[in-house]
Amino acid sequence: MQTVGLEDAVTIRLAPQHDEIRLQCDSHSLSVDQTNLVYRAAAAVLAQVQQKIGLDIQLAKRIPMGAGLGGGSSDAAATILGINRLLNVGWSAARMAEIGQELGSDVSFFFHAPTAVVAGRGEQVRAIHLADSRWAVLVNPGFPVETKWAYQQLSTTRQGVVPLSERSTQLESQSRTTWDDVMSLASNDFEDPVFTAHPVLQQIKLDLLSRGAQLALLSGSGATVFGVFREEAGARQAAAFFQGRSEMKAFVAQTNSGKLRIE
């Protein structure tokens, strides 16, 4: 798993005038009640520290929702980290990752970012050094793919699970790797069922490859498709092809060399 420079922003403030978690979001399509991952993350931290205090939290969304990009998971991780700093709790990354694991499979990764080998249900996370960087073009078609649906389709359509190759197994134990090695091993089992239901996503992948992407894959369970480019200029040229097409959005982001940022 690898972070890229496409980010939401979570702003957390102490609110002495009340003792609730109050969440606001600039996207009206996202709930701000106890079903929201940010809300749940804040509640989990306060439960662990056994404090009942007021928090005003604002969430500014830039990462598309239902996109297979881990936007909600990164927001939850940022909330845990932010409250840890705000209250001077002093938790380690490993301790925060434990709390994150209770919220969702991808949350723990962000405490080991920017690059990690992730296994199991997401609880087995090991940071790894990825030499040099690349540019990613993220193309979102304007509609979500529900993760639960994607898993159901995968389980009912594939004939079996292909064992990991020897090179993939070796990668799990390495402390560093290269983009060339990662790209030579990259695949996504979700592509067959998701592309069957949404052929436009397969076309996006083909368009990215024809415009110079070294690798193009469905991100997670979708609906975003990403392309990896060596140079920024090539990435921006490819992204321009998708701009203004129907409901599509294309983002250009460098593979991120930093961890969650606090400002």
**Prompt:** G227 passes all but one of (1) buried (at least 17 other Cβ atoms within 10 Å of the Cβ); (2) not in a strand (DSSP E or B); which number fails?
**Reply:** (2)
**Request:** Would you list the strands (runs of 3 or more DSSP E) that sit entirely within the range 40-133 and hold 1 or more residues that are within 15 Å of the chain's Cα centre (by Cα)?
**Result:** 116-119, 124-127
**Asked** Quick one: what pairs do we get from the range 240-254, first residue among the basic types (K, R), second surrounded by fewer than 17 Cβ atoms within 10 Å (Cβ to Cβ) and in a helix (DSSP H, G or I), C-beta under 8 Å, 6+ apart or different chains?
**Response** none
**Message:** Taking the condition of being surrounded by fewer than 18 Cβ atoms within 10 Å (Cβ to Cβ) and either within 24 Å of R245 (Cβ to Cβ) or in contact (Cβ under 8 Å) with a residue 12 or more places away in the chain (or both), how many residues in the range 124-134 meet it?
**Reply:** 6
**Request:** Just one of (1) in contact (Cβ under 8 Å) with a residue 40 or more places away in the chain; (2) more than 15 Å from the chain's Cα centre (by Cα); (3) assigned by TED's automatic domain parsing to the domain that holds T196 trips up V137, so point out which.
**Result:** (2)
**Request:** Among the residues of the range 162-192, write down those that are without any contact (Cβ under 8 Å) to a residue 12 or more places away in the chain and part of a loop (DSSP other than H, G, I, E, B).
**Result:** V162, P163, L164, S173
**Message:** If a residue must be within 17 Å of S73 (Cα to Cα) and exposed (fewer than 14 other Cβ atoms within 10 Å of the Cβ), how many such residues does the range 7-23 contain?
**Reply:** 1
**Prompt:** Only one of (1) in contact with a strand residue (DSSP E or B) (Cβ under 8 Å, 6 or more places away or on another chain); (2) surrounded by 13 or more Cβ atoms within 10 Å (Cβ to Cβ); (3) part of a loop (DSSP other than H, G, I, E, B) fails for F195. Which number is that?
**Reply:** (3)
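The values are calculated or read from the model by the stated rules, or taken from the named source; none is laboratory data. Not measured: the values here are computed from a predicted model. Positions of Cβ are generated from backbone atoms using ideal geometry, with glycine treated the same way; all protein chains shown enter the neighbour counts.
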